[in-house]
Structure formats: structure tokens, C-alpha cells
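Asks: Dropping a structure here in C-alpha cells format, bear with me for questions.
The values are calculated or read from the model by the stated rules, or taken from the named source; none is laboratory data. Remember, it's a predicted structure, so these values are computed and weren't measured experimentally. Virtual Cβ from ideal backbone geometry, glycine too; neighbours counted across all protein chains shown. Surface accessibility is based on the protein's heavy atoms, side chains included, excluding ligands, DNA and RNA. Shrake-Rupley method; radii C 1.70, N 1.55, O 1.52, S 1.80 Å.
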Amino acid sequence: MSVLDKQGRRPLAQCRSQRGEGKLKAVIYTAIIVLAIYAGVKFIPPYISDYQLSDKMQEQARYAVVNRYSEEQIRDNIFKIVQDLEIPAKREDIKVAASNAIVKISLNYTVPVDLLFYHKDLTFSPSSENKALF
């Protein structure tokens, strides 16, 4: 219960102490939200790129079986996609096994993520396999 003066207002000392509480909470919540957004901006893009690469690998495996691409042609196509997506992988890391009946494509790579106070290496291993229908 608060004490009011004759005009119906709170004493000045009580008003000052209540004003500071809200500001501190607002600063803390804002800092937490900003850090969460910053972490999301750093962590989410590698996962999106991995998803896109997996999709393109599946697509290339389908085309390679139908068009009878050589292993080098498949590797070149996948490496172009890797470069377009700015994935830190080397051409030699792309494993391709192609025959008349089946195409297998795999890739292992690591994406370093640096936050201001934390370092994390995200490891991805997308792969694809497609078999001929005949």
C-alpha cells in the first residue's frame, strides 16, 4: 500500500526507485534478444546451405543416372554448386561412385562459426544415391 500526499501523488523518493526497475529489465531483455538474433544470423545460414546442397545433390544424382554422366562430370557439377553456396569444401572432398545402374554422391565438410565469445565447428555430411529404373 502506498502513501499519498495531500494532492493524491506519491512521494518523490518512491517514484524514483520505481522508475529504475523497468529500465534495467528492459536493458537485460534487449541484450538477450540481440544476442539470440546474432547467434541465429551466424548459425542458421550453414544449415540452409546444407539443405540446398542436399537437394541439388539429389537432383544431380537423378540427372547423372539418366544422362550417364561420368564421375568427373558429376564432381564438377557438384563443385560448382558448392562454390555458388559458398560452402568451405574442396573438390577432392566430393566422393562420387557412378555406374550404369547407380550414382552415389557424398561430401563431408565443416563450417566454423565464430560468435564474439564462442567458437563452434558445424560438421555436415550430405549424400545422395539414385538407381536406374531399368
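Asks: Please report, for the Cα atoms of the range 46-87, the Rg to one decimal and the Dmax as a whole number; what are they, in angstrom?
Replies: 10.5, 31
Asks: Rounded to whole Hz and in sequence order, give me ³J(HN,Hα) for the range 52-59 from the Karplus expression 6.51 cos²θ - 1.76 cosθ + 1.60, θ = phi - 60°, writing x for Gly and Pro.
Replies: 5, 5, 4, 5, 5, 5, 4, 4
Asks: Related question: With a Cα-only, solvent-free Debye model of the range 10-124, what are the log10 I(q)/I(0) values at q = 0.10, 0.22 Å⁻¹?
Replies: For the requested q values the scattering log ratios are -0.48, -1.14.
Asks: Now, a different point. Which lysines does Lys95 reach when only Cα atoms under 17 Å apart count, and residues fewer than 8 places away in its own chain are ignored?
Replies: Output for Lys95: Lys56, Lys80, Lys104, Lys131.
Asks: If I ignore ligands, DNA and RNA and count only protein heavy atoms, how much of Val111 is accessible to a 1.4 Å probe, in Å² to the nearest 10?
Replies: 20 Å²
Asks: State in Å² the accessible area per residue of the range 28-109; use a 1.4 Å probe, count heavy atoms of protein chains only, and round to the nearest integer.
Replies: Values: 5220 Å² over 82 residues.
So the range 28-109 comes to 64 Å² accessible per residue, rounded to a whole number.
Asks: Please give me, ordered by residue number, the chymotrypsin sites (Phe, Trp or Tyr not before Pro) of the range 89-130 that lie in loop per DSSP and have at most 12 other Cβ atoms within 10 Å. Before the final figure, lay out the partial values.
Replies: On the way: sites: Tyr109, Phe117, Tyr118, Phe124; in loops: Phe117, Tyr118.
Taking the range 89-130 and a limit of 12 other Cβ atoms within 10 Å, the loop chymotrypsin sites (Phe, Trp or Tyr not before Pro) found are Phe117, Tyr118.
Asks: Counting other Cβ atoms within 10 Å, which trypsin sites (Lys or Arg not before Pro) in the range 76-133 have at most 12 and lie in a DSSP loop?
Replies: Sites meeting the loop and neighbour criteria: Lys90.
Asks: While we're looking at this one, here's another question. Cα centroids of the range 95-110 and the range 36-73: how far apart, whole angstrom?
Replies: Taking the Cα centre of each part, the range 95-110 and the range 36-73 sit 13 Å apart.
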